1. Counting other C-beta atoms within 10 Å, which of Thr251, Thr46 has the fewest, and how do the rest follow?
2. For a Förster distance of 35 Å, can you work out the FRET efficiency between the beta-carbons of Val220 and Ile123, rounded to the nearest 0.05?
3. Putting +1 on Lys and Arg Cβ atoms and -1 on Asp and Glu Cβ atoms, find which of Gly196, Met124, Val21 reaches farthest to the positive end of the dipole of segment 14-300.
4. Work out the FRET efficiency for Leu142 and Leu56 from their Cβ-Cβ distance, taking R0 = 35 Å, and round it to the nearest 0.05.
5. State the extension gain, in nm to one decimal, for the chain segment bounded by Asp40 and Arg73, taking 0.36 nm per residue of separation less the distance between their alpha-carbons.
6. State to the nearest 20 debye the size of the charge dipole of segment 14-300 about its Cα centre, where the only charges are +1 on K and R beta carbons and -1 on D and E beta carbons.
7. So, R0 is 51 Å and r is the distance between the beta-carbons of Thr201 and Leu15; what FRET efficiency does that work out to, to 0.05?
8. Need the full-extension length gain, Leu228 to Ile267, defined as separation in residues times 0.36 nm minus the C-alpha distance. One decimal, nm.
Amino acid sequence: MPTPAVPLAMNRAHLGALLTVLAMAGFAAMDSMSKLLVRDFPIVETLWIRHGIFLLFALAVTHGGGGVRQQARSARPWLQTIRSLLGVVENGVFVLAFLYLPLADTHAVAAASPLIVVGLAAIMLGERAGVRHWLAVLAGFLGVLMIIQPGMRALSWPLLLPLLGAVLWAVYQVLTRLCARYDPPGTTLLWTAAIGFAVLTLAAPWQWRAPDAASWGLIVAVAVLGSLSHYALIRALDFASAGAVQPYSYTLLVFAGLLGWLVFGDIPDAAAITGAAIVVASGLYTWLQDRRSARGAGDQADHPVRAVPDPAVRVR
């Protein structure tokens, strides 16, 4: 006779998948608006307002989760600080990429970040990756080259921005996994918002350009969408493992491509579409290998161990 835990686990997995897809849709819409804003306003200004609203959101969430003072206590404050600062830089790199590149191309290159984590996890976390993982990383890199097309078009510096962002996001993900060993999600959420807002406060007033009413609406919408999407993804990872939700994170490419076409008229060429497909296939292959490794370890030990962390594709 089946126990109630089985359908409960299935429901939690489905809810995690749904929240992940909703978060990806929110991130794609946020990036579309950011691409509009970055044409007229300094990146630091828009990021500062976003982090300010994000901080209010984080304070509201942590206030209901045991109190802000308790949630603000971190077992590794230096790690939270480094991670949060890296997140600010990574955000700025991607917003800058949106100024020069189509949304779909930017996100297609950024989708290589889970593969980059395979290498970084071996360096930073001491985790081993098998030959199949490294072959998947190589295939993903070839997919990125197809999108960038070096030698077939002028390789200007903006084409390297999403690749740099993918590396920064991969490091950010590894540090997030480290933070999760010591602090609860509420603490990480609060530190991310607070550190980002504090750092940007030092720079934003020097580059301030007064928005009009329509621009304020876009800026606030970007901040609210980002906050809600971040929280949706955090909640998704409460209901399901990172490995379970990773395939659904690739819907970000679909949403970004659709909005890029509808809002900006950007249509990826055949090489970019093929390269994106290779990147996604490589990421999904890595995910499947991790799932099989975890299942095999679970069959041989009382406590299953996941060999390599399974971060989602790049989000803000």
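1. Working: Thr251 18, Thr46 27.
The order, fewest Cβ neighbours first, is Thr251, Thr46.
2. On the way: r = 40 Å, r/R0 = 1.14.
Taking R0 as 35 Å, the efficiency between Val220 and Ile123 is 0.30.
3. Positive-end residue among those listed: Met124.
4. Efficiency at R0 = 35 Å is approximately 0.20.
5. On the way: separation 33, 0.36 × 33 = 11.88 nm, distance 3.86 nm.
Gain in length upon complete extension: 8.0 nm.
6. Values: 17 positive and 13 negative charges, 136 e Å.
Charge dipole, segment 14-300, about its Cα centre: 660 debye, nearest 20.
7. Values: r = 36 Å, r/R0 = 0.72.
Given R0 = 51 Å and the Cβ-Cβ separation, E is 0.90.
8. Numbers: separation 39, 0.36 × 39 = 14.04 nm, distance 2.83 nm.
Result: 11.2 nm gained on full extension.
Any read-out appearing in this document is the output of simple, stated calculations on the displayed coordinates, not a laboratory observation. Just so it is clear, the structure is predicted and the values come from calculations on it, not from any experiment. For neighbour counting, all protein chains shown are included, and Cβ atoms are generated from backbone atoms with ideal geometry for every residue, glycine included.
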